[in-house]
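Single-structure report; data block below.
Bear in mind these aren't lab numbers, they're just calculated from the coordinates by the rules spelled out. Only a predicted model underlies this, so the values are computations on that prediction, with no experimental measurement involved. Neighbour counts are summed over all protein chains in view; Cβ atoms, including those assigned to glycine, are modelled from backbone coordinates with ideal geometry.
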Amino acid sequence: MVLELVEGYDLDKLTIATLASHSSLQIAHGAKKEGFSTLLVVTEDRFGFYMQFKHLVDSFLLVRRWSDLCSREVVEVLREHNSVFVPHGSFIEYVGMDCATSLNVPIFGLRSLFPVEADQHAKMELLRSAGIPTPTVYSLNTEIDSLAIVKLPGAKGGRGYFIASSRQEITERLRALANSGLVSDVSNVIIQEYLIGVAAYFHYFNSPVLERLEITGADIRYESDVDGLRRVPVEKLKKIGVEPSFTVVGNIPVVLRESLLSTVYDYGEKFVNKTKEVLPPGLVGPFCLEGVIDRDANIKIFEFSGRIVAGTNLYIDGSPYTYLYWDEPMSVGRRIAREIRLAIERNRLDRVFT
Ligand code: AMP
């Protein structure tokens with residue numbers, strides 16, 4: 001499959017391509033640093049903005065809709081440019097699962113993980129089966145005697161999540177949401193134990209070429225309005241009946257206490273090993289485990305992303321960790337390009353493209 005995808009490619013002239021969104025500027029910047037050509041697939045409304053960075057982008061490919069990515073014409077242009085496509089956090093949401101899994105262009109990453117990422121229950125099962133501690137997941141039939149967070153299907157960036165403390169409350173609120181038409185499929189809701197502690201996002205890069213896992217950074221998400229509400233006295237909030245929402249508005253850099261790093265690394269290794277077992281060849285490149293660190297420094301993981309996360313945009317000039325591995329400015333965007341370059345040099349493209 002992989003070899004077929006690069007058939008007819010001039011491997012000395014690969015282009016790193018992605019959608020103009022999410023972390024595309026970081027990806028393009030890193031690709032240029034490693035000497036690659038770059039291509040951004042962009043919609044008309046964003047073209048003006050991205051043109052400011054034309055020094056990072058060799059070709060813009062204008063589309064009417066993101067889903068046009070899989071059209072014959074667009075694929076033809078991508079292939080003419082010897083493109084390898086880098087899927088970022090917005091990729092599947094924008095182009096849709098069918099296009100993402102069937103795109104007739106080599107992808108830097110693990111394509112077979114995309115459908116798992118789209119299914120909240122399958123995601124949690126993958127983490128659990130890897131031996132990583134996760135929050136309890138409740139069904140709508142179980143009694144809940146502590147705090148639970150209810151995650152709606154298709155919720156973008158935590159929008160519309162809510163916290164509840166009983167089964168009855170969850171059922172009533174979901175019914176109200178279904179009636180309002182906001183949630184189409186209540187069965188796909190996931191109800192998790194609400195973890196008390198500090199939520200942190202651990203960034204990793206798995207290198208099939210160097211056969212090693214690297215920690216590339218960490219961030220904290222700033223979420224509206226849960227992170228703003230702490231400024232308001234609790235009794236005032238109660239009075240007006242405000243409940244926190246979890247809409248991501250930005251990312252804040254964090255350097256982890258060094259004694260946490262070995263646990264974080266261990267979870268990353270467990271995750272990579274599990275994907276190698278159930279979805280060979282296993283994870284390629286960047287991924288993120290999202291967890292809560294409690295007061296005893298125990299970490300539970302409540303979510304993962306199998307692609308580059310937006311929190312890596314904090315470290316375009318490298319993170320404290322990438323400096324330790326590379327001793328030069330190394331963003332995750334650049335790390336992707338470096339991996340592709342190493343794979344070409346060592347004739348190992350089959351390890352990094354799917
Ligand atoms: P997610 O969409 O799973 O990344 O969750 C969005 C946000 O909800 C996170 O950044 C956390 O602030 C919060 N969150 C999600 N799951 C949990 C959990 N099990 N316990 C506590 N907070 C959570």
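Which ³J(HN,Hα) values in Hz, rounded to whole numbers, follow from the phi angles of segment 111-125 under the Karplus curve 6.51 cos²θ - 1.76 cosθ + 1.60, where θ = phi - 60° and Gly and Pro get x?
So the J values, rounded to whole Hz, are 4, 5, 7, 4, x, 5, 4, 7, 10, 4, 6, 5, 4, 5, 5.
Kirkwood hydrodynamic radius (Cα pairs, Å) of segment 170-241?
It works out to 16.7 Å.
Around T216, which amide H atoms from residues at least 5 apart in sequence, or from another chain, sit under 5 Å from its own amide H, with H modelled in the peptide plane?
Under 5 Å from the amide H of T216: H203, Y204, F205.
For the chain, what are the per-bin percents of Cα-Cα distances with bins 10 Å wide, up to the bin holding the maximum?
5, 24, 33, 24, 12, 3, 0
How tilted is helix 167-179 with respect to the longest principal axis of the chain? Cα atoms for both, answer in degrees (0 to 90, nearest 10).
Once rounded, one gets 60 degrees.
Please work through the chain and write down the cysteines that have no neighbouring cysteine Cβ at a distance under 4.7 Å.
That list is C288.
Take the Cα atoms of segment 5-55, find their three principal axes, and give me the spread along each one in whole Å, biggest first.
34, 22, 16
Once all Cα-Cα distances of segment 94-157 are split into 10 Å bins that start at 0, what whole-number percent is in each one?
Values per bin, smallest distances first: 15, 39, 31, 12, 3.
Only bridges whose two residues both fall in the chain count here: according to DSSP, what percent of them are antiparallel, nearest 5?
70 percent
Within 10 Å, at most 10 other Cβ atoms, and a DSSP state outside H, G, I, E, B define an exposed site. Report the longest part of the chain free of exposed GluC sites (Glu not before Pro).
212-354
Rule-of-thumb check for segment 136-193: C-alpha Rg over 2.2 N^0.38 Å?
1.02
Can you list residues from other chains, or at least 5 along the same chain, whose modelled amide H is less than 5 Å from the amide H of T134?
Residues meeting the amide H criterion: I301.
Residue-wise, which Karplus ³J(HN,Hα) couplings in Hz belong to segment 346-354, taking 6.51 cos²θ - 1.76 cosθ + 1.60, θ = phi - 60°, and x for glycine or proline?
9, 6, 10, 4, 4, 7, 10, 9, 10
State the dimensionless ratio Rg/Rh of segment 229-354 (Rg: radius of gyration of Cα atoms; Rh: Kirkwood radius).
1.07
Amide H to amide H under 5 Å from S83: which residues, 5+ apart in sequence or cross-chain, H placed 1.01 Å off N in plane?
T15
For segment 2-107, report the convex hull volume of the alpha-carbon atoms normalised per residue, in Å³, without decimals.
Looking at segment 2-107, the number lands at 91 Å³ per residue.
Please compute the contact order of segment 197-342 in relative form: average sequence separation of alpha-carbon pairs under 8 Å and at least six residues apart, divided by the residue count, as a percent.
About 29 percent, as a whole number.
Hey, what did segment 2-107 get for relative contact order, percent, Cα under 8 Å, at least 6 apart?
It comes to 33 percent, rounded to a whole number.
Around H203, what is the net charge, scoring Lys/Arg as +1 and Asp/Glu as -1 over all other residues with Cβ under 12 Å from its Cβ? Let's see the in-between values first.
Working: positive: R307, R335; negative: E214, D219, E290.
Result for the local shell: -1.
Let me check against my output: what whole-number percent is the relative contact order of the chain, with C-alpha pairs under 8 Å and at least 6 apart?
It comes to 21 percent, rounded to a whole number.
Starting at the first residue of segment 19-34, write each ³J(HN,Hα) from the Karplus equation 6.51 cos²θ - 1.76 cosθ + 1.60 with θ = phi - 60°, in whole Hz, x for Gly and Pro.
Working through the residues one at a time gives 7, 6, 5, 6, 9, 5, 5, 4, 5, 5, 4, x, 5, 4, 4, 9 Hz.
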